[in-house]
Amino acid sequence: MSRIIDIRIEALANPTASVTEAPAVIAHSSASVHGTFFLETFGCQMNEHDSEKVAGLLLARGYQQVGTPEAAGLILYNTCSIREKAAQKVFSRLGEYRGLKGEGKKIGLLGCVAQQEGEDIFSRAPWVSLVCGSASYRKLPELLAKVEAGEQRVAGLDNDTDETFETEITRRDNPWRAYLTIIEGCDKACAYCVVPFTRGPERSRDSGRILVELKQLADFGYSEVQFLGQTVNSYADPSPRKMRFSELLIEAAQVPGIRRVRFTTSHPRDFTLDIIAAMNSNAAICNHVHLPVQSGSTRVLRAMQRTYSRDEYLEKIAMIRCAKRRTAITTDVIVGFPGETNGDFDETLSLLDEVKYDGVFSFKYSPRPNTSASTMPDAIPEEEKSRRLALLQEKQRVIQSETLQSLVGEVYEVHVDGKSKKENSWYGHSSCNRVVSLTSPAPDLLGRYVKARVTGCTANSLVGEQIPIS
Ligand code: SAM
Ligand code: SF4
């Protein structure tokens, strides 16, 4: 098994190190090309982490990362097409770099917009020379070799593969929390979603390889890891060990040096009791579950092809509420799905009252190409979607504020990941993923785990003070 190298961990010693600094590891790589690259990422955590792997791959080829497109020979955009606005943003950014090909720069489009628009991008933006979807990242070395050789239209547009994207080097940008993809793609068929089309079928990574990477992360000094997948809990180990997702969580939590194991995003259908049992068995498995519901109406859930009803979803919530530790639950909601009536929307509002989520990511439905919902009748007018979104967000604001106020007096273990501008002020995350700002007389808390007593709250976070170690 090849060695996986993480090269951002030097930032633990110097967290302000700039991304333009060439990491020492370059000297050990089999550099074939010397150049510079700029990589901008749009979209979700999975895209962020894909970019970390792409950056690692480029560094291994001898490239150096720079902080601006002007300073780069190769400009890459890792794109998101989950909603129309996200995709439009990519095209307006691409437009800004129309003239750069003439200056000898190469421009490449990666990710979901690349997969969705395919080779049409070459006609729409002839200054682009590389178009590569995430299911083809494993082929990036050969695609890059063609771009380097001067080929004008290089495309990697597989959407049916059983292989995963393995890199020897990952250039991690977050020095405190390491992201680790355990499953790529998605086999669900939600009526509104482009992901199965843009990211290809579900492919789980070998559990042995995941655990080796995790041990190396711990050796490099990481104590917190977040397993990633569009449906992370649908993980199906392809190795002979056939580890269940819950078993992988338990094994990960036992790796020496690892204090926190997170996972996102969980699909309600595959959220089973053994995951709660795993969380109960080892406190290193974080007490936070992101469980997107999308709608509180069974009728809309059916139309969305979400594979569960409101009641079935609420059974999963009841299961999580029975966990040994109070577990934070967050969700995603779409308002204005085609045919969503006022009555359906009221059911979403009542679900919020019933579950009392710790956080809600809410979106107006956006029709996407290649999805079955895009041709459904009874589209909801934009103004009505905005009205529903505002109502939903206001309800959640009130619920969240009550929850946060009820936590005053509680004690949390905080993994400190930032220094605030105010003197003696720091912030970090609890195991349940709440942001906690805290005061402490300690000269440096970055990267440390400290206990904090909650003394107040803001709209989205807790405020507290460090409890001195006795
Ligand atoms: N795999 C996750 C799940 O099963 O819920 C979701 C991944 S998706 C990248 C993140 C969120 O984007 C979804 O949960 C959904 O709320 C939102 N989303 C996806 N497609 C959308 C669309 N066409 N319009 C609006 N929101 C959308
Ligand atoms: Fe999209 Fe549904 Fe798959 Fe999530 S489970 S990525 S929403 S198709």
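The values are calculated or read from the model by the stated rules, or taken from the named source; none is laboratory data. These numbers were taken from a predicted model, which means no experiment stands behind them. Cβ sites come from the backbone with ideal geometry, for glycine too, and all protein chains shown count toward neighbours. Ligands, DNA and RNA are stripped out before the accessible areas are found, and what is left, the full protein with its side chains, is counted by its heavy atoms. Shrake-Rupley method; radii C 1.70, N 1.55, O 1.52, S 1.80 Å.
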>> Here is a list: LEU438, LEU392. Which entry is in contact with an Asp or Glu (Cβ under 7 Å, 6 or more places away or on another chain), more than 19 Å from HIS288 (Cα to Cα) and among the hydrophobic types (A, V, I, L, M, F, W, C)?
In response: LEU438
> Which residues, taken from the range 193-216, are open to solvent by 10 Å² or more (accessible area, probe 1.4 Å), part of a loop (DSSP other than H, G, I, E, B) and within 13 Å of ligand 2 (Cβ to nearest atom)?
Replying inline: CYS193, PRO201, GLU202
> Listed residues GLY296, GLY336; which is at positive phi, of a type outside the set (Ser, Thr, Tyr) and without any contact (Cβ under 8 Å) to a residue 60 or more places away in the chain?
Replying inline: GLY336
> Out of all the residues in the range 98-127, which are within 15 Å of PHE37 (Cβ to Cβ) and hydrophobic (A, V, I, L, M, F, W, C)?
Replying inline: LEU100, ILE107, LEU109, LEU110
>> Show the residue pairs meeting these rules: Cβ distance below 6 Å; 6+ apart or different chains; first residue within the range 188-207 and within 16 Å of SER136 (Cβ to Cβ); second residue within 11 Å of ligand 2 (Cβ to nearest atom) and open to solvent by 30 Å² or more (accessible area, probe 1.4 Å).
In response: VAL195/GLN230; PRO201/ASP187
>> I need the full set of residues from the range 296-347 which are crowded, with 23+ Cβ neighbours inside 10 Å, hydroxyl-bearing (Ser, Thr, Tyr) and under 30 Å from ASN280 (Cβ atoms), in order please.
In response: TYR313, THR331
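From ILE183, ILE258, ILE250, ILE169, grab the single residue that is closer than 24 Å to VAL293 by Cβ, touching a strand residue (DSSP E or B) at 6+ places or on another chain (Cβ under 9 Å) and of a type in the set (A, V, I, L, M).
When all the criteria are applied, what remains is ILE183.
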>> Every residue in the range 438-449 that is farther than 20 Å from ARG262 by Cβ, open to solvent by less than 50 Å² (accessible area, probe 1.4 Å) and part of a strand (DSSP E or B), please.
In response: LEU438
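How about the range 94-144: which of its residues are over 14 Å from GLY156 (Cα atoms) and among the hydroxyl-bearing types (Ser, Thr, Tyr)?
Going through the range 94-144, the residues over 14 Å from GLY156 (Cα atoms) turn out to be 94-107, 123-127.
The answer is TYR97, SER123.
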>> Only one of ALA283, ALA278 is buried (at least 20 other Cβ atoms within 10 Å of the Cβ), more than 21 Å from CYS186 (Cβ to Cβ) and not hydroxyl-bearing (Ser, Thr, Tyr). Can you tell me which?
In response: ALA278
> How about the range 393-418: which of its residues are part of a strand (DSSP E or B) and loosely packed, with under 15 Cβ neighbours inside 10 Å?
Replying inline: VAL411
>> Any residue in the range 361-381 that is over 13 Å from CYS193 (Cα atoms) sitting within a Cβ distance under 7 Å of a residue that is near ligand 1 (Cβ under 7 Å from one of its atoms) and of a type in the set (Asp, Glu)? List the pairs, counting only those 6 or more apart or interchain.
In response: PHE361/ASP332
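Return yes when ARG262 is part of a loop (DSSP other than H, G, I, E, B), away from ligand 2 (no atom under 16 Å from the Cβ), modelled with pLDDT of 95 or more and of a type outside the set (S, T, N, Q) and no when it is not. Step through it out loud before you land on a result.
Working: part of a loop (DSSP other than H, G, I, E, B): no; away from ligand 2 (no atom under 16 Å from the Cβ): yes; modelled with pLDDT of 95 or more: yes; of a type outside the set (S, T, N, Q): yes.
No, not satisfied.
Residue-by-condition table, conditions (1) small (Gly, Ala, Ser); (2) at pLDDT below 95; (3) over 27 Å from GLU117 (Cβ atoms); (4) away from ligand 1 (no atom under 13 Å from the Cβ):
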site: MET319; (1), (2), (3), (4): no, no, yes, yes
site: THR330; (1), (2), (3), (4): no, no, yes, no
site: GLY336; (1), (2), (3), (4): yes, no, no, no
site: ASP344; (1), (2), (3), (4): no, no, yes, yes
site: LEU349; (1), (2), (3), (4): no, no, yes, yes
site: ASP353; (1), (2), (3), (4): no, no, yes, yes
site: LYS356; (1), (2), (3), (4): no, no, yes, yes
site: ALA373; (1), (2), (3), (4): yes, no, no, no
site: VAL398; (1), (2), (3), (4): no, no, yes, yes
>> Being in contact with a His (Cβ under 7 Å, 6 or more places away or on another chain) and within 7 Å of ligand 1 (Cβ to nearest atom) is the filter here; which residues of the range 174-197 pass it?
In response: LYS188
> Is at least one residue of the range 58-79 in a helix (DSSP H, G or I) and either in contact with a helix residue (DSSP H, G or I) (Cβ under 7 Å, 6 or more places away or on another chain) or open to solvent by 20 Å² or more (accessible area, probe 1.4 Å) (or both)?
Replying inline: yes
>> Can you tell me how many residues within the range 409-421 are out of contact with any Ser or Thr (no Cβ under 8 Å at 6 or more places or on another chain) and at negative phi?
In response: 6
